[in-house]
Structure formats: structure tokens, C-alpha cells
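Reviewing the structure listed below.
The values are calculated or read from the model by the stated rules, or taken from the named source; none is laboratory data. The shown structure was predicted, so the numbers you read here are calculated from the model rather than taken from an experiment. Methodologically, a virtual Cβ is constructed for each residue, glycine included, from the backbone with ideal geometry; neighbour enumeration extends over all protein chains shown. These accessible areas exclude ligands, DNA and RNA; they are computed on the full protein's heavy atoms, side chains included. Shrake-Rupley method; radii C 1.70, N 1.55, O 1.52, S 1.80 Å.
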Amino acid sequence: MTATTHILVTGGAGFIGSHYVRTLLGPDGPDDVSVTVLDKLTYAGNPANLDPVRGHAGFRFVQGDICDRDLVAQLVAGHDQIVHFAAESHVDRSIQGAAEFVITNVLGTQTLLDAALRRPGGPAHFLHVSTDEVYGSLAEGSWPETDPLKPNSPYAASKASSDLLALSYHRTFGLDVRVTRCSNNYGHHHFPEKVIPLFVTNLLDGLRVPLYGEGLNVRDWLHIDDHVQGLELVRTGGRAGEVYNIGGGTELSNKELTQLLLDLAGATWDSVEHVPDRLGHDLRYSVDCTKITTELGYRPRKDFAEGLAETFTWYRENRSWWEPLKERAAL
Ligand code: NAD
């Protein structure tokens, strides 16, 4: 019998973290893990996202802040690995006010790293979920992991800080830290302030969708199933101190993405409202995934058109999930 690996998942009530937990504790997940979710339940955290695993014997939920040193130290003591998703994650909110981003993303990460390092009985492994936004913006080509970090938004700068802090704990103390930098995720359970769920839910309600500027900004889209696949490859087979890009392989301008969503909704460009561009809006992100592909066998499996159609259908069929969130956030 293999020993159980006890994993502390921060931010596990959010969009990607909850999908990670549902996958790990679902029918196709490994049978040798237990999961404790530590989540503050900010506006972005939703306990309902964890309903499918609530009855699982290996699941536990703790509401708390990753900046709470005592709580974090106490929790980390009982876990072998930390998979760190918790963050303030919305670029537009970071432009309105950056303080929470620095506190949670930087100080919170450092609090977790310290607890991992000082864990009684030996350090806990640390998988840090970073973002491609730390690289900045590029007109052509793709970023390998060795490219310098040139973040532009306060969100991206806070994530770059936490990403580098995590790596510093490997170089300075030898902590087993692995960093992933993924592109834009999409799928079900995505908070409806982000572009795909915002546009889908507006279109379902017959409302117009706000398109920034000319819609020329390009993003690579990664389905949450593929992201979880990449994270598990890095958690179980990655090397300490290494960074792994995770991409989806579908680059689209926001205009192209909008057209696909209008097609799914049976709507026209009359449903689009051009709004002033986001301040400092990065033009294009593109990650080079050669390293995770060749080293760990990663391959995105979800066809984008299919994944987008499934996502659209999920929002159409799960109004009770998103309607209260939109109302509360006045979206
Ligand atoms: P999300 O906003 O949906 O979820 C964040 C979760 O963290 C929420 O459940 C929230 O309650 C929790 N949280 C926030 N502050 C906390 C604190 N101080 N203590 C404990 N919990 C706290 O975010 P997401 O989209 O699921 O992103 C998860 C991670 O992936 C983030 O680190 C984000 O930077 C990264 N990422 C996301 C994307 C994307 O497309 N969504 C792309 C690249 C990287």
C-alpha cells in the first residue's frame, strides 16, 4: 500500500483551485492523496465549488487567511505538500487598488514559504501557481522560462514578486519549490467578472458585452482540465527549483474570442459595446511549453471550440451558481 500524501491547497474554493481539488478527489484522481483546503473566502471564493467533494473522507476545509502565521504554521505541520493557488487574481481590481494584491500575493506567499521551510519533521514541498503575466507583453514569438520577468500591471507585479520569492527559497534554503506559469484559464465555475464568463452570462441575459479598445489584445487559452494535468505532472514529476510554463495552444485576439461567443449565443456585433481600453493593457502573451512537453509529457488535450461550447452550456444550465455572484459584485 502506498502512503497517503497530505496536500494543503490554498485558494481551493476559487476557480482553478476548486477544479484541482475536485479532480484530485474525483473518480479519476490518485488514490493516495488527502486534501485540506485553506481559503479566506473572499468575494472570489465560493464554498459551493467544493460541494462535490465535501463528503470525501480525504477532504477538509479550513476558512482562513494565508497571511495568518499561526494558522498557516499549524496547518502546514500536518501536510507534506502545499499547492498554492490563493491570490487576488483580477487585473482590473489591482488597477483600482493594489494593497490587497501585495498583502495576499506577496506577504501571504512568504508566510506559506516560511511555514513550509520550518515545518517540524522536515520541509514541505511547495508548488507555486504563477502566471504568464509575469513576463510582460510580447509582439511575436513565445517566452521560454528563462526569459526575464517584466510585469506591467500591479497584479502581475505582485505575482512576479511571489514567484521570485518562491524561487529564492529554493536557492537560499534548498526548499523543494516548483513554479508553474500558465496562460489564461477558461472553463466552468469561473467568477463572472472575467472576460469569458462575463461575456457568456451577459449574452445569456440579452445584455451587451464590454470589449476593451479595438479588441486586438491576444491571449493563449488553457482549459482548466489541461491546467490540472500540467500541475499534476509538475507536482509528481517536476524538478525542485524549476519553472514550467503551461499553455493551451490556442491564441486568439479578444475580437476573435468575442466572435466565437457571439456565434454560440446566436448574437451579432450589435451586442458588443466598445469601452475604453484597460490602463497599461498588455498586447499579447504567449508561453513556450517545450520544457513541460519534453520533460514531463504534457500535451493540452481539450479542443478550444469544444471546451468553449461546453463552458457556454455550463453557464446556461447553472444560473443559480452565477446569478447571485453577479448581483453581489454588481457586475
Ligand atoms: P480566484 O480569484 O478564482 O480564486 C482565488 C481564491 O483564493 C479564492 O477562493 C479566494 O477566496 C482565495 N483567497 C484570496 N485571498 C486569500 C487569502 N489571503 N487567504 C486565503 N485564501 C485567499 O483565482 P483563480 O482564477 O482560481 O486563480 C488561481 C491562481 O492561479 C492564482 O494564483 C492566479 O494568480 C493564478 N492564475 C490564474 C489564471 C486564470 O486565468 N484564472 C491564469 C494564470 C494564473
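Numerical summary
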{"quantity": "Phi to ³J(HN,Hα) by Karplus 6.51 cos²θ - 1.76 cosθ + 1.60 over the stretch 129-135, Hz, x for Gly, Pro", "calculated": "8, 9, 9, 5, 5, 5, 7"}
{"quantity": "For the stretch 178-299: accessible area per residue (Å², 1.4 Å)", "calculated": "38 Å²"}
{"quantity": "Binned Cα-Cα distances of the stretch 217-288, short to long, each 10 Å bin given as a whole percent", "calculated": "16, 34, 30, 15, 5, 0"}
{"quantity": "Separation in nanometres of the label points that stand 7 Å from Cα toward Cβ, at Trp269 and Ala48", "calculated": "3.6 nm"}
{"quantity": "The chain - percent relative contact order, Cα under 8 Å, separation 6 or more", "calculated": "17 percent"}
{"quantity": "When the stretch 184-232 is reduced to its Cα atoms, the Kirkwood hydrodynamic radius in Å", "calculated": "12.3 Å"}
{"quantity": "Peptides 277-286, 97-106 ordered by average Cβ neighbours within 10 Å, highest first", "calculated": "97-106, 277-286"}
{"quantity": "The stretch 166-274, accessible surface, carbon-and-sulfur percent (1.4 angstrom probe)", "calculated": "50 percent"}
{"quantity": "Relative contact order (%) - criterion: Cα under 8 Å, at least six apart; region: the stretch 1-69", "calculated": "36 percent"}
{"quantity": "Over 35 Å [Cα-Cα, the chain], rounded percent", "calculated": "17 percent"}
{"quantity": "The chain: antiparallel DSSP beta bridges as a percent of all, rounded to 5", "calculated": "10 percent"}
{"quantity": "Whole-Å distance, taken between Cα centres, linking the stretch 160-179 and the stretch 87-103", "calculated": "22 Å"}
{"quantity": "Local electrostatic count at Ser94 - Lys and Arg +1, Asp and Glu -1, tallied over other residues with Cβ under 12 Å", "calculated": "-1"}
{"quantity": "Simple label model, 7 Å out from Cα along Cβ direction - Leu283 to Arg60, nm", "calculated": "5.1 nm"}
{"quantity": "Label point 7 Å beyond Cα of Ala240 along Cβ direction - residues of the stretch 171-205 with amide nitrogen under 14 Å", "calculated": "171-179"}
{"quantity": "Degrees, to the nearest 10: 15-24 long Cα axis against longest axis of the chain", "calculated": "50 degrees"}
{"quantity": "Per-residue ³J(HN,Hα) for the stretch 206-213, Karplus 6.51 cos²θ - 1.76 cosθ + 1.60, θ = phi - 60°, Hz, x for Gly and Pro", "calculated": "x, 9, 7, 10, x, 9, 5, x"}
{"quantity": "Acute angle (nearest 10 degrees) that the helix 254-265 long axis makes with the longest principal axis of the chain, alpha-carbon atoms", "calculated": "70 degrees"}
{"quantity": "Quotient of Cα Rg and 2.2 N^0.38 Å for the stretch 188-318, N being how many residues it contains", "calculated": "1.17"}
{"quantity": "Cα-projected label distance for Asp70 with Thr172, points at 7 Å along beta-carbon direction, nm", "calculated": "2.5 nm"}
{"quantity": "The chain, helix-only ellipticity at 222 nm - DSSP H runs n ≥ 4, -39,500 (n - 2.57), divided by all residues, nearest 500", "calculated": "-11000 deg cm²/dmol"}
{"quantity": "Relative contact order (%) - criterion: Cα under 8 Å, at least six apart; region: the stretch 219-308", "calculated": "49 percent"}
{"quantity": "Lys, Arg +1 and Asp, Glu -1 on Cβ, resulting dipole of the stretch 132-250 about Cα centre, debye, nearest 20", "calculated": "260 debye"}
{"quantity": "C-alpha center-to-center spacing [the stretch 238-269, the stretch 105-154] in angstrom", "calculated": "22 Å"}
{"quantity": "Distant alpha-carbon pairs in the stretch 76-138 (separation over 13 angstrom), percent", "calculated": "67 percent"}
{"quantity": "The stretch 267-331: radius of gyration and largest Cα-Cα distance (Dmax), Å", "calculated": "17.9, 47"}
{"quantity": "Amide proton proximity set for His223, modelled H, under 5 Å, gap of 5+", "calculated": "Tyr186"}
{"quantity": "Calculated FRET value between Lys255 and Lys150, using beta carbons and R₀ = 22 Å, to 0.05", "calculated": "0.30"}
{"quantity": "Percentage, to the nearest whole number, of Cα pairs in the stretch 82-239 over 29 Å apart", "calculated": "22 percent"}
{"quantity": "In order through the stretch 35-52: 3J(HN,Hα) via Karplus (6.51 cos²θ - 1.76 cosθ + 1.60), integer Hz, x for Gly, Pro", "calculated": "10, 10, 9, 10, 8, 6, 6, 6, 3, 8, x, 9, x, 4, 4, 9, 3, x"}
{"quantity": "Apportionment of accessible area to carbon and sulfur, the stretch 1-139, percent (1.4 Å)", "calculated": "53 percent"}
{"quantity": "Full-stretch length increase - His90, Ala330 - with 0.36 nm per residue and alpha-carbon distance subtracted", "calculated": "84.9 nm"}
{"quantity": "The stretch 274-297 and the stretch 200-225: distance between their alpha carbon centers, rounded to Å", "calculated": "16 Å"}
